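Quick one: the structure is below, and I'll ask about it shortly.
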Amino acid sequence: MRILIKLMIATFLIAASGPVSAHYVTGEEIVNGMRKTEAYTADGATYGPYEWTYKYKRSFDGVSLTKHVEINFVFDDTYTAEEQATYKTTAEKDIERIWNNKFVIRDGDKKFPILVDVTTAGPFDQTVNVSKNAGVTDMLNWYATHTNGGNTDLPGVRAHEFGHMLGLFDEYIGGAVDKFPNPTLSDHGLMGSGTYDEKPVMHERYYQQYLDYIRTLNPDTDHSFRLVSAVPEPIAAFLLAAGLLAMALHRMGGRTRSCVPCVPSSGKP
Ligand SMILES: [Zn+2]
């Protein structure tokens, strides 16, 4: 009998752990390249040309898709050693919080989280100079304030510059926009003016390369990979909230029961 139970447990464990890696081709590779935008004139001002290199490791381990960037933060003397350590931790958290778990890749019933992973240990993909002084922040020079006085020591700004490290273009006039005179612009997106928002909008297009990658690894036609939001739809969030409210009111007793559709409770009115 004991052997039978052990056998059943073993069978269950094999069944539970088996299928994920069995049906998907996993992979890992270094991606690097250069982005260039031509100079352009808008509203009487000329911007660019711009040029930068990007480099990251992307991987799919059968569970999630990740882009990993090693950043070498180099501080000027406006930062103490303690502040430098705090800055690195904060920057890593800011970038990962804004980028991670906004979209997932779905394939039938399967869901694969889409993640970025920032580390600061080396060997490095990028070197970023950090200063509390005023300056114009770009991908490799992060200032605490803009020369015009605005605060640029912000999570959204760090996450925006990280977007360039993944090869993304700007989405505001004045920046390194793609396809001028018909660039993609965004008022609230992270790569547009939303960089200053507390919660920048993370557009689906920022994650397109993850989808391309899993499709390249798994080209068979029986997969139907697509990007879907990882954030619950408003209607789903509403139903969940209504359900929780119903449960809470139900626990409060009979007085409020007529207000909400309650589940039957054993032996109570
Ligand atoms: Zn930018």
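What number goes with the only condition from (1) touching a strand residue (DSSP E or B) at 6+ places or on another chain (Cβ under 6 Å); (2) within 20 Å of Glu198 (Cβ to Cβ); (3) more than 16 Å from the ligand (Cβ to nearest atom); (4) part of a helix (DSSP H, G or I) that Tyr87 does not pass?
All conditions pass for Tyr87, except number (1).
Return yes or no: is Gly174 within 12 Å of the ligand (Cβ to nearest atom) and in contact (Cβ under 8 Å) with a residue 60 or more places away in the chain?
yes
Yes or no, residue by residue, for (1) touching a Leu at 6+ places or on another chain (Cβ under 9 Å); (2) closer than 23 Å to Tyr50 by Cβ:
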| position | (1), (2) |
| --- | --- |
| Thr86 | no, no |
| Ala91 | no, yes |
| Val116 | yes, yes |
| Thr152 | no, yes |
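In the stretch 196-217, what residues are more than 16 Å from the ligand (Cβ to nearest atom), within 18 Å of Lys67 (Cα to Cα) and not aromatic (Phe, Trp, Tyr)?
Once the filter is applied, which keeps residues that are more than 16 Å from the ligand (Cβ to nearest atom), within 18 Å of Lys67 (Cα to Cα) and not aromatic (Phe, Trp, Tyr), the stretch 196-217 yields Glu204, Gln208, Gln209, Leu211, Asp212, Ile214, Arg215, Thr216, Leu217.
Here's a follow-up. So, in the stretch 119-145, how many residues would count as being among the hydroxyl-bearing types (Ser, Thr, Tyr) and either within 16 Å of the ligand (Cβ to nearest atom) or under 25 Å from Thr37 (Cα atoms) (or both)? Show your work before the answer.
Taking the stretch 119-145 and keeping what is among the hydroxyl-bearing types (Ser, Thr, Tyr), we get 119-120, 127, 131, 137, 143, 145.
Imposing the further condition that a residue be either within 16 Å of the ligand (Cβ to nearest atom) or under 25 Å from Thr37 (Cα atoms) (or both) reduces the set to 127, 137, 143.
Looking only at that region, the number is 3.
So which of Asn133, Asn100, Asn141 ends up being modelled with pLDDT of 95 or more, surrounded by fewer than 18 Cβ atoms within 10 Å (Cβ to Cβ) and under 23 Å from Pro49 (Cα atoms)?
Among Asn133, Asn100, Asn141, only Asn141 is modelled with pLDDT of 95 or more, surrounded by fewer than 18 Cβ atoms within 10 Å (Cβ to Cβ) and under 23 Å from Pro49 (Cα atoms).
Those residues that are under 15 Å from Asn72 (Cα atoms) and part of a strand (DSSP E or B), I need them from the stretch 113-137; list them, please. Give the steps one after another, and end with the answer.
Of all residues in the stretch 113-137, those under 15 Å from Asn72 (Cα atoms) come to 117-131.
Across the stretch 113-137, the qualifying residues are Asp117, Val118, Thr119, Gln126, Thr127, Val128, Asn129, Val130, Ser131.
Quick grid of which residues meet (1) closer than 24 Å to Val118 by Cβ; (2) within 13 Å of the ligand (Cβ to nearest atom); (3) in a loop (DSSP other than H, G, I, E, B); (4) not acidic (Asp, Glu):
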position	(1), (2), (3), (4)
Thr147	no, no, yes, yes
Arg158	yes, yes, no, yes
Asn182	no, no, yes, yes
Met191	yes, yes, yes, yes
Gly194	yes, yes, no, yes
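Consider only pairs whose beta carbons are under 9 Å apart and that are at least six residues apart or on different chains; among these, list those whose first residue lies in the stretch 83-104 and is over 15 Å from Tyr206 (Cα atoms) and whose second residue is exposed (fewer than 14 other Cβ atoms within 10 Å of the Cβ).
Glu92/Thr119
Which fully enclosed strands (runs of 3 or more DSSP E) of the stretch 33-81 have 2 or more residues being surrounded by fewer than 13 Cβ atoms within 10 Å (Cβ to Cβ) and out of contact with any strand residue (DSSP E or B) (no Cβ under 6 Å at 6 or more places or on another chain)?
Because the criterion is at least 2 residues that are surrounded by fewer than 13 Cβ atoms within 10 Å (Cβ to Cβ) and out of contact with any strand residue (DSSP E or B) (no Cβ under 6 Å at 6 or more places or on another chain), the strands (runs of 3 or more DSSP E) in the stretch 33-81 that meet it are 45-47.
Are any of the residues in the stretch 197-204 assigned to a helix (DSSP H, G or I) and in contact with a Leu (Cβ under 8 Å, 6 or more places away or on another chain)?
yes
The values are calculated or read from the model by the stated rules, or taken from the named source; none is laboratory data. Remember, it's a predicted structure, so these values are computed and weren't measured experimentally. Virtual Cβ from ideal backbone geometry, glycine too; neighbours counted across all protein chains shown.
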